[in-house]
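The values are calculated or read from the model by the stated rules, or taken from the named source; none is laboratory data. What you see is a predicted model, and the numbers here were worked out from it, not measured in a lab. Quick reminder, even Gly has a Cβ in these numbers, built from the backbone with ideal geometry, and neighbours come from all protein chains shown.
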Amino acid sequence: MWQDVANIWRKEMVTTVRDRKGMTQAILVPLIIAVFYASFTPLLNKAMFERSQKPLVIPAVGVEYADPKLLDTMHEFGITLEEYGGDLEHAVERGDKESGLVFEPGFSENLADEQPAQVRLITNSTAGGVFGGAFSDSRLRLAVSTFNQKVAAERVVAYGVDPSALLPVVLETEDVATPEQEGALWASFYLPILVAVVLAQSGLFVAIDVTAGEKERGTLDALLVTPASDWAILLGKMGAVFVTGIIPLFLSLTAFWVVSNLMPSVAAVEQGALPLFVLWGSLLIGIPMALVMSVAQMIASVRARTFRDAQSAASPLVFAMMIPGFIAAFAPPKALWPCFIPLYGPFAALSRMTQAGHLQWDSIGLATLGSLVAAAVLTAVAARLFDRERLLYSS
């Protein structure tokens, strides 16, 4: 029997490799997705960092009333006030300006008399489009807060009071995240999505080709009249689908790891290197899940009569794989038991592993066990569908 399995597997692999267009799509598309995910975050961090460091110019009215020390503090934060000659409030309302500051007469005098000195910030949240413009409300508020602390400290000292009396509680923050956890932080979000996309797409065209495709070409009948058993035919074809599914998985994960470790050297924001355990752990979790997906794809495809019908029948499998991946990426589980849930469990184990900063053998073991159980159940279903008489009749 195993010789028949090997022969059928070899035949399907040769046919698959000869289909250069299909192989290129199965390998190239996951690689492009992996490179995109690995480079997107550092490039986004770089853009956000450069935007935060960019000097900020805010139109203002009544700058002559402002306190010079306040202007100096704003300058320390990279904020420059530019005198506006027209109706500033109307300009912001029209969207010509994203923001503006208005200093009322007597601002400096009120500040000197220890009276509240008010400055009015005018903004238009719709100016600059969906992603906004260059205005940083947080930077301006931080500058004003720093100035207020300076003035408050000067007033307290002038009254002979220790400034520390105004701080009854001091909060000290200590970040205990390990370098491995910092390096794998963004991987905990992108990896479940990447693995879901790759597994949903990589072996699909092979699963359809070795079932519905052979029905449409009429080559399945010739295989069914050979002495090979139904199990040999099933396992041989399943092996071809499985192998063509894990090759893109390995290549895409490797590309993700390599690009992730190259990107920090060109990014403006320091980002820890992606640890090697992320690559090995993802493969340990992804390979059993690829087996589940291979059997599911064959079950969906073997019931169709044509290649196009099989594509339509297998489409729900793509969503069945990707939805749990997105759920695990956006809401990683805290408990261990969800790792045993088929489809969702491997993605949960990926999120837990990357957040822990090391290989979690309990999560990997549960996810692998859940995938193997699901694969065994689906294989039993596939064996009933790969009945020789049923296949001959349907083809």
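So the values come out like this:
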{"item": "Residue match in segment 267-277 (condition: part of a helix (DSSP H, G or I) and modelled with pLDDT of 85 or more)", "result": "yes"}
{"item": "Residue identified as part of a loop (DSSP other than H, G, I, E, B) and of a type in the set (A, V, I, L, M) among A313, A300, A228, A222", "result": "A228"}
{"item": "Entirely in segment 40-143, the helices (runs of 4 or more DSSP H) that have 3 or more residues that are modelled with pLDDT under 85 and among the β-branched types (V, I, T)", "result": "none"}
{"item": "Flag for R308 being of a type outside the set (A, V, I, L, M), in a helix (DSSP H, G or I), without any contact (Cβ under 8 Å) to a residue 40 or more places away in the chain and under 30 Å from G213 (Cβ atoms)", "result": "yes"}
{"item": "Close pairs from segment 185-197: first of a type in the set (S, T, N, Q), partner surrounded by fewer than 20 Cβ atoms within 10 Å (Cβ to Cβ) and modelled with pLDDT under 85, Cβ under 6 Å, at least 6 apart", "result": "S188/Q355"}
{"item": "Boolean, V295 is over 30 Å from the mean Cα position of the chain (by Cα), more than 16 Å from P248 (Cα to Cα) and buried (at least 22 other Cβ atoms within 10 Å of the Cβ)", "result": "no"}
{"item": "Cross-chain or 6+ apart pairs with Cβ under 6 Å, segment 93-117 first and touching a residue at least 24 places away in the same chain (Cβ under 8 Å) and surrounded by 11 or more Cβ atoms within 10 Å (Cβ to Cβ), then in a loop (DSSP other than H, G, I, E, B) and charged (D, E, K, R)", "result": "S108/D67; L111/D67"}
{"item": "Any hit, segment 224-244, residues being surrounded by fewer than 12 Cβ atoms within 10 Å (Cβ to Cβ) and either in the same structural domain as A310 (by TED's automatic domain parsing) or of a type outside the set (V, I, T) (or both)", "result": "yes"}
{"item": "Close pairs (8 angstrom Cβ cut-off, 6 or more residues apart or separate chains): in a loop (DSSP other than H, G, I, E, B) in segment 334-360, of a type in the set (G, A, S) and modelled with pLDDT under 85 anywhere", "result": "L343/A320; G357/A177; G357/A184"}
{"item": "Selected residue (only one of F205, F147 is modelled with pLDDT of 75 or more, surrounded by 20 or more Cβ atoms within 10 Å (Cβ to Cβ) and within 30 Å of A313 (Cβ to Cβ))", "result": "F205"}
{"item": "Condition check for A153: surrounded by fewer than 17 Cβ atoms within 10 Å (Cβ to Cβ), part of a helix (DSSP H, G or I) and in contact with a helix residue (DSSP H, G or I) (Cβ under 7 Å, 6 or more places away or on another chain)", "result": "yes"}
